[in-house]
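Asks: Have a look at this one.
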Amino acid sequence: MAGGGGTRLWPISRRKHPKHVLPLLGERTLFQSTLDRLDGFIPSDRILVVTTENQAEELKKQAPDLLPANFLIEPQPRGTASVVGLAATVLQKRDSESAMLVLTSDHFIRNLDLFHLVIRVGVQAARKDYLVTLGITPTFPATGYGYIKRDAALPEKFDYPVYRVLQFIEKPDEANARLMLASGDHSWNSGMFIWRTDRILEEFARQMPDLKAALDHIGKAWGGSEQDAVLLSEWLKLKPETIDYGIMEHAKNVAVLPAGGLDWSDVGSWDSLFNVLLPDEHGNVVVNSEHMGLETRDSLVYSAEKKLVVTIGVEDLIVIDSNDALLVCRRDQAQQVRQVIENLKRSHKEDYL
């Protein structure tokens, strides 16, 4: 899934160049890093990218080894339920016995060996009719993630623990997040899933019949001369919905792999880069910048174009320069970038979005 905007990483991540097409963590973009993670594990001809029209050309440039036909273009954003449904429909038409791994294009995962192991086990569970979600073992009481409460372990034997899902929980307040962390039976909802395509399409038919009917029409036309016209016509009728709310919260036979040790991040905000990139001896993280820090500690400095940035006598600060916009905030207020986006929308300052 590669169609989002990543607004919490404003002013670098924008509508025209969202975070997954940017080299935020090194020379490779987050999208390219996601593909790198699958190299030698999943053949490139079996990787589909669902994105929007205004991002497709850039993504194709960044992934020349992927088949052009494997880029599925959303006419308009309609939520992750429709994205997953479209990919499942196309895969089901190609191979009626296919299993499907759903990934987002903007995650960071350091432990590739463990990642590949949990994927293999997830496929094994999916072959036994389970809808599998990859949970992340919490390391702190996060309020920015949804949670998954697990039940008993599955009766089948796997090479990695797999549990039934008891409940999906929306993003909590800090008090509840602390309780869930202490309980030891909750995982963060990573938004990564594994299932058989026929199995997830059954759930669409049961829970989102209108979307399933649209997907059926799209599937019948797929590959023919009417493909694009039918896709556009059906897509514009859809109501936006997420895969979590639309399907997973009330699905049957849902399982979770609580993956601890992946060293995972969704790179969802500027302060999350402190968990991904190595700081210098003063705790500062510097990206794409010449930084001169005098009495500067535990701060992040990022520049869209490499330039000299000087900071004096600051601590726990975030400084982000995108050439046409400059963000300066305390680390503990990085999440308030969302409010900046809302203010820009209300002020009709579209050029900065």
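Asks: Considering only the stretch 196-205, state which residues are of a type outside the set (A, V, I, L, M) and either in contact (Cβ under 8 Å) with a residue 24 or more places away in the chain or in contact with a helix residue (DSSP H, G or I) (Cβ under 7 Å, 6 or more places away or on another chain) (or both).
Replies: 196, 197, 198, 199, 203, 204 - these are the residues of the stretch 196-205 that are of a type outside the set (A, V, I, L, M) and either in contact (Cβ under 8 Å) with a residue 24 or more places away in the chain or in contact with a helix residue (DSSP H, G or I) (Cβ under 7 Å, 6 or more places away or on another chain) (or both).
Asks: Residue 79 fails exactly one of the following numbered conditions: (1) within 25 Å of residue 33 (Cα to Cα); (2) crowded, with 22+ Cβ neighbours inside 10 Å. What is the number of that condition?
Replies: That leaves (2) as the condition not met.
Asks: Starting from the stretch 212-223, take each residue that is in the same structural domain as residue 235 (by TED's automatic domain parsing) and list its partners that are in a loop (DSSP other than H, G, I, E, B) and buried (at least 17 other Cβ atoms within 10 Å of the Cβ), counting only C-beta distances under 7 angstrom and pairs at least six apart or across chains.
Replies: From residues that are in the same structural domain as residue 235 (by TED's automatic domain parsing), the pairs are 214/238.
Asks: Hey, another quick one. Could you list all residues from the stretch 329-353 that are outside any helix (DSSP H, G or I) and either surrounded by 10 or more Cβ atoms within 10 Å (Cβ to Cβ) or in contact (Cβ under 8 Å) with a residue 12 or more places away in the chain (or both)?
Replies: 329, 330, 349, 353
Asks: Ok, one more. All but one of (1) under 29 Å from residue 7 (Cα atoms); (2) at pLDDT 95 or above hold for residue 200, so report the exception by its number.
Replies: Looking at each condition in turn, residue 200 falls short on (1).
Asks: Let me ask something else. Quick one: which of 82, 44 is in the same structural domain as residue 210 (by TED's automatic domain parsing) and without any contact (Cβ under 8 Å) to a residue 40 or more places away in the chain?
Replies: 44
Asks: Run down 321, 266, 244, 316 and say which single residue is out of contact with any Phe, Trp or Tyr (no Cβ under 9 Å at 6 or more places or on another chain) and charged (D, E, K, R).
Replies: After applying the criteria, what remains is 316.
Asks: With in the same structural domain as residue 119 (by TED's automatic domain parsing), surrounded by 15 or more Cβ atoms within 10 Å (Cβ to Cβ) and farther than 25 Å from residue 104 by Cα as the only criterion, which of 154, 166, 179 stands out?
Replies: So the residue among 154, 166, 179 that is in the same structural domain as residue 119 (by TED's automatic domain parsing), surrounded by 15 or more Cβ atoms within 10 Å (Cβ to Cβ) and farther than 25 Å from residue 104 by Cα is 154.
Asks: For the stretch 235-254, how many residues meet the condition of being surrounded by fewer than 16 Cβ atoms within 10 Å (Cβ to Cβ) and in a loop (DSSP other than H, G, I, E, B)?
Replies: 5
One line per residue, one yes/no per condition, for (1) buried (at least 23 other Cβ atoms within 10 Å of the Cβ); (2) touching a residue at least 60 places away in the same chain (Cβ under 8 Å); (3) under 16 Å from residue 350 (Cα atoms); (4) outside the structural domain of residue 190 (by TED's automatic domain parsing):
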| position | (1), (2), (3), (4) |
| --- | --- |
| 1 | no, yes, no, yes |
| 15 | no, yes, yes, no |
| 19 | yes, yes, no, no |
| 24 | yes, yes, no, no |
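Asks: Also, I was wondering about something else. Looking at (1) in a loop (DSSP other than H, G, I, E, B); (2) under 30 Å from residue 162 (Cβ atoms), find the lone condition where residue 280 falls short.
Replies: Just one mismatch for residue 280, condition (2).
Asks: If you don't mind, there's one more thing I want to ask. Among the candidates 265, 299, 269, single out the residue that is more than 23 Å from residue 106 (Cβ to Cβ) and either surrounded by 18 or more Cβ atoms within 10 Å (Cβ to Cβ) or touching a helix residue (DSSP H, G or I) at 6+ places or on another chain (Cβ under 8 Å) (or both).
Replies: Going through 265, 299, 269 in turn, the sole match is 299.
Asks: Name, by its number, the condition in (1) in contact with a strand residue (DSSP E or B) (Cβ under 8 Å, 6 or more places away or on another chain); (2) within 30 Å of residue 180 (Cα to Cα) that does not hold for residue 235.
Replies: If we test residue 235 against (1) in contact with a strand residue (DSSP E or B) (Cβ under 8 Å, 6 or more places away or on another chain); (2) within 30 Å of residue 180 (Cα to Cα), just (2) comes out false.
Asks: Okay, moving on. Can you tell me which of 158, 168, 204 is among the hydrophobic types (A, V, I, L, M, F, W, C) and part of a loop (DSSP other than H, G, I, E, B)?
Replies: The match here is 158.
Asks: Cβ contacts < 6 Å: first residue free of Cβ contacts under 8 Å to residues at least 40 places away in the same chain, restricted to the stretch 50-75; second residue among the hydroxyl-bearing types (Ser, Thr, Tyr), any location; separation 6+ or different chain. Result?
Replies: 65/44; 66/44
For every residue, the table says whether it meets (1) more than 21 Å from residue 276 (Cα to Cα); (2) aromatic (Phe, Trp, Tyr).
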| position | (1), (2) |
| --- | --- |
| 23 | no, no |
| 36 | no, no |
| 41 | yes, yes |
| 79 | yes, no |
| 86 | yes, no |
| 91 | yes, no |
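The values are calculated or read from the model by the stated rules, or taken from the named source; none is laboratory data. Values in this document were obtained by computation on a predicted structure and should not be read as measured data. Don't worry about glycine lacking a Cβ; one is built from the backbone with ideal geometry, like all the others, and counts go over all protein chains shown.
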